[in-house]
Amino acid sequence: MSVLIFVDQADGHIKKSSFEILTYGADVAKQLGTTADALLLGATKEDLAALGKYGITKVYHIDNANLNNLDAQVYAQVIADAATQTNANVIVCSHNQTGKAVAARVATKLKAGLVAGACALPDTSNGFVVKKTVFSGKAFANIKIASAIKVISVNPNSHSTVIGDGNATVETLNINVPTPKVKVTAVNKISGDIPLTEADIVVSGGRGLKGPENWGIITDLAKALGAATACSRPVSDADWRPHHEHVGQTGIQVAPNLYIAVGISGAIQHLAGVNRSKVIVVINKDAEAPFFKAADYGIVGDAFEVLPKLTEEIKKLKASA
Amino acid sequence: MKILVCVSKTPDTTAKVAFKDSNTKFDDAGVQWIINPYDEWYSLVRAIELKEKDAAVVIHLVTVGLADAEPVMRKALALGGDEAIRINADSHDSFYIASQIAAIAKEGNYDLIFTGKETIDYNGSSIGGMVAELLDMPYTSLVLKFDLNGNTATVTREIEGGEEVSEVNLPLVVSSQQGMAEPRIPNMRGIMAARSKPLKVVEPIAVDALTSIVSFELPPAKAGVKLVDADNVAELVKLLHEEARVI
Ligand SMILES: Cc1cc2nc3c(=O)[nH]c(=O)nc-3n(C[C@H](O)[C@H](O)[C@H](O)COP(=O)(O)OP(=O)(O)OC[C@H]3O[C@@H](n4cnc5c(N)ncnc54)[C@H](O)[C@@H]3O)c2cc1C
Ligand SMILES: Nc1ncnc2c1ncn2[C@@H]1O[C@H](COP(=O)(O)O)[C@@H](O)[C@H]1O
């Protein structure tokens, strides 16, 4: 019995969401009185022994060229085989793009119940119950897993990373890696930007900004804060901003520490994508905008006047820090 | 070329989220049911576009649901499906649902299976991967663009901070999202035609659910907004720094 954490990386670097689930998995292991191991696939630039600092006992590294791109079928096969070989009974991954591709397949292979989008540690006082977000963040469900093996994919930004000391032992496993059927022909990264789902702070603009030519005030504020940028759906529908910035019920769901909404009315479908944010700031010229009801802080005012001032104040704060 | 489009019914996106029976069931009183937006706007419309390019394409729709799922199936037929299958079962366990869909898919020998990125009520993002695993097919998830050239699909999927383009031969399972197609609305001719299109009802196969819902919870209510004067932006920065400690 052990916990196996599938660690996801990009360009050889472990993703922020994966550090979160290392701590999550180690916490689950503590709860179950067992050890937590990590599994990393493909070439890496990381010092894997250092993952001991997150409470990891062993790191299994399978370095095979067939794993350098994600083929869900191949990954699932390898993760499930690793879980079986290491006798893992709880498998943890992130509910990010990679997790959404592989968790369901791994669970099916192992005949394991899956909780996808977990937002808290399991409650093991009566069976094995995991809380997850439902209705696009408008509610939670407590899901009981009946099977012996359990798979949990954890929402990014829902578990804080804890760093201690210690070294993990790094080993490989003897696993047959099938040839991928999915052939990757191009990867287009939006360079320089902070990925929305990984960001601690998000600055988001809506139709109140009137047009794409006005986005400078949003990106300036985002830059000053080290934030990612997002937008409402009509904004991406009108091609003012790229589709991957669209948050909401039918877009990306984010849960940053700080979400700043500028010129967004706060329609229920928009809130569904952002209501898990820890702190919400709303800047809107209409005091009646529904978003204020979901906000922690707000300014009733014209974005074109407020935002440049806000950016200046942030710069002052950063300069004094 | 046979395409299977998985369709689920979800509460209208503006529906009030409330629970009943000691918070164990979604309270659907007065709720309007719609086709899960991903299934309708992206999967189904993209399938219809493929059929418009190639008359040999056949589109089947499948849902796992009770009789109350039939109105949304009729609407999906009105948009352009050829035939619908309803598997007569009610479940929120992804493995159970996926097993039912996989059984139908095996029988129908589909070249392409479309699922949505997720249902907007239970947010599993799981059915596509499970169906693919049960059928031992490749799976491309969170697909933004989908093109076919003979037996080869060119697929653009979302990755963290960007997009990835790949090629894969059919058969294939896809989960679709915004970008794959533009939403359409059914026209009068489609609505008339849908009335006489087949909507088959089949009984589920025996499968044990692996998970169950114990209870639902609503998030704690917000304390209320603290408003800062537009002329005093520095005050907001101070609050975010010292009180909320997020910057
Ligand atoms: C099925 C369905 C799914 C949907 N999914 C999504 C989704 O995922 N995400 C999403 O965002 N939307 C979604 N929508 C759309 C949603 O209902 C709203 O229409 C949308 O969120 C509104 O975008 P907005 O707030 O940018 O625009 P508006 O509603 O037009 O709001 C603009 C706001 O800007 C303010 N404003 C104007 N000028 C200024 C100024 N100078 N300074 C400050 N404020 C100003 C106005 O007071 C107003 O509140 C969905 C709709 C449907 C039907
Ligand atoms: N009951 C169902 N019947 C048919 N298809 C479903 C059902 N539930 C989910 N799906 C499909 O699977 C996709 C992802 O759902 P989920 O994994 O539940 O978030 C949906 O967009 C549908 O295409």
If you consider only alpha-carbon coordinates, what radius of gyration and Dmax does segment A:58-138 have, in Å?
13.9, 43
For the pair A:Ala321/B:Lys106, report the inter-label distance in nm, with labels modelled 7 Å from Cα in the Cβ direction.
5.7
Restricting to segment A:2-171, what percent of DSSP beta bridges are antiparallel, rounded to 5?
30
Between segment A:247-321 and segment B:1-74, how far is it from one alpha carbon centroid to the other, in angstrom?
32
Inside 10 Å of the C-beta atoms of B:220-232, what's the mean count of C-beta atoms belonging to other chains?
5
Dividing the convex hull volume of the alpha carbon atoms of the protein assembly as shown by its residue count, what do you get in Å³ per residue?
155
I need the trypsin sites (Lys or Arg not before Pro) found in segment A:91-184, filtered to DSSP loop residues with at most 12 other beta carbons within 10 Å of theirs.
A:Lys111
Mind checking which lysines have their C-alpha under 16 Å from B:Lys75, skipping anything on the same chain fewer than 8 residues away?
B:Lys9, B:Lys197, B:Lys200
Using amide H atoms built 1.01 Å from N in the peptide plane, name the residues 5+ places from B:Ile87, or on other chains, whose amide H lies under 5 Å from its own.
B:Thr63, B:Val64, B:Gly65, B:Val202
Just to verify a number: what accessible area does B:Met130 come out at with the full protein assembly present, 1.4 Å probe, Å² rounded to tens?
10
Answer with one residue from B:Phe26, B:Leu61, B:Tyr38: the one whose Cα lies farthest towards the positive end of the charge dipole of chain B, charges on Cβ with Lys, Arg +1 and Asp, Glu -1.
B:Leu61
When chain B is treated as a Gaussian network with springs between alpha carbons less than 10 Å apart, the largest mean-square fluctuation among B:Ile101, B:Ile159, B:Ile35 is found at B:Ile159
In nm², what is the average projected area of the convex hull enclosing the Cα atoms of segment B:2-218?
12.6
Segment A:196-320: C-alpha gyration tensor shape, a/c 1.5 cut-off, then a/b vs b/c:
rounded
Across A:282-289, the residue-averaged tally of Cβ atoms belonging to other chains within 10 Å stands at 1
³J(HN,Hα), Karplus 6.51/-1.76/1.60, whole Hz, each residue of segment A:90-105, x for Gly, Pro
10, 10, 10, 9, 8, 8, 9, 4, 5, x, 5, 7, 10, 4, 5, 5
What is segment A:196-320's relative contact order, in percent, from Cα pairs under 8 angstrom and six or more apart in sequence?
24
So, for the Cα atoms of segment B:62-115, Rg and Dmax in Å stand at 11.4, 29
Scan segment A:41-90 for trypsin sites (Lys or Arg not before Pro) in coil per DSSP, keeping those whose Cβ has at most 10 other Cβ atoms within 10 Å, and list them by number.
A:Lys45
Please compute the Kirkwood hydrodynamic radius of segment A:92-146 from all pairs of different C-alpha atoms, in Å with one decimal.
11.8
Rounded to whole Hz and in sequence order, give me ³J(HN,Hα) for segment B:57-63 from the Karplus expression 6.51 cos²θ - 1.76 cosθ + 1.60, θ = phi - 60°, writing x for Gly and Pro.
6, 10, 10, 10, 10, 9, 9
In segment B:218-247, the trypsin sites (Lys or Arg not before Pro) that sit in a DSSP loop and have at most 14 other Cβ atoms within 10 Å of their own Cβ are B:Lys222, B:Arg245
Stokes-Einstein at 10 °C, 1.306 mPa s, Kirkwood radius from Cα pairs: D for segment A:2-171 in µm² s⁻¹?
102
Relative contact order for segment A:2-171 using alpha-carbon pairs under 8 Å, separation at least 6, rounded to a whole percent?
29
Summing -39500 (n - 2.57) over the DSSP H runs of n ≥ 4 in chain A and dividing by its residue number, what mean residue ellipticity at 222 nm do you reach, to the nearest 500 deg cm²/dmol?
-8000 deg cm²/dmol
Theoretical ellipticity at 222 nm over chain B - DSSP helices of four or more residues, -39500 (n - 2.57) apiece, nearest 500:
-6500 deg cm²/dmol
Under 1.5 on a/c is rounded, so check that first for segment A:119-217, then, if it is not, pick prolate when a/b is larger than b/c and oblate when it is not; a ≥ b ≥ c are the square roots of the alpha carbon gyration tensor eigenvalues.
oblate
Give the ranking of B:Glu203, B:Glu160 by solvent-accessible surface, highest area first, calculated with a 1.4 Å probe.
B:Glu203, B:Glu160
So, with +1 on the Cβ of K and R and -1 on the Cβ of D and E, and no other charges, what is the size of the charge dipole of chain A about its Cα centre, to the nearest 20 debye?
660
Farthest towards the positive end of the dipole of segment A:2-171, among A:Gly55, A:Gly137, A:Gln9 and with Cβ unit charges of +1 on Lys and Arg and -1 on Asp and Glu, lies the Cα of A:Gly137
Test item: Cα-centred dipole of chain B, Lys/Arg +1 and Asp/Glu -1 on Cβ, debye:
780
Which whole-Hz couplings ³J(HN,Hα) result when phi for each residue of segment A:124-137 is put into the Karplus expression 6.51 cos²θ - 1.76 cosθ + 1.60, θ = phi - 60°, listed in order with x for Gly and Pro?
9, 6, 8, x, 9, 10, 10, 8, 9, 7, 10, 6, 6, x
Evaluate the charge dipole of segment A:196-320 about its Cα centre and quote only its size in Debye, nearest 20, assuming +1 on the Cβ of each Lys and Arg and -1 on the Cβ of each Asp and Glu.
180
Provide Rg and Dmax in Å for chain A, with only Cα atoms included in the calculation.
21.1, 62
Looking only at Cα atoms, what is the convex hull volume of segment B:17-83 per residue, in Å³?
95
When chain A is treated as a Gaussian network with springs between alpha carbons less than 10 Å apart, the largest mean-square fluctuation among A:Ala238, A:Ala26, A:Ala120 is found at A:Ala238
When you count, for each residue, the other Cβ atoms within 10 Å and take the mean per peptide, how do A:87-98, B:166-177 rank with the highest first?
A:87-98, B:166-177
The answer for A:Val170, listing residues at least 5 apart or on another chain whose modeled amide H is closer than 5 Å to its amide H, is A:Val59
Quick check: Cα centre of segment A:89-139 to Cα centre of segment B:222-247, how many Å?
35
Name the residue farthest towards the positive end of the dipole of chain B from the options B:Gly190, B:Thr13, B:Val202, assuming +1 on Cβ of Lys and Arg, -1 on Cβ of Asp and Glu, about the Cα centre.
B:Gly190
Cross-link reach list, lysines versus A:Lys111, counting only Cα pairs under 21 Å and skipping chain neighbours closer than eight places:
A:Lys100, A:Lys131, A:Lys132, A:Lys144, A:Lys150, B:Lys106
With N set to the residue count of segment B:140-199, report its C-alpha Rg divided by 2.2 N^0.38 Å to two decimal places.
1.48
Contour minus Cα-Cα distance for B:Leu66 and B:Ala193 (0.36 nm per residue)
43.4 nm
Residues whose built amide H sits under 5 Å from the amide H of A:Ile149, excluding neighbours closer than 5 in sequence, are A:Gly113
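The values are calculated or read from the model by the stated rules, or taken from the named source; none is laboratory data. Keep in mind it's a predicted model, so treat the numbers as computed, not measured. Counting neighbours? That spans all protein chains shown, and the Cβs are built from the backbone with ideal geometry, glycine included. Accessible surface is based on the protein model in full, side chains and every heavy atom, while ligands, DNA and RNA are left aside. Shrake-Rupley method; radii C 1.70, N 1.55, O 1.52, S 1.80 Å.
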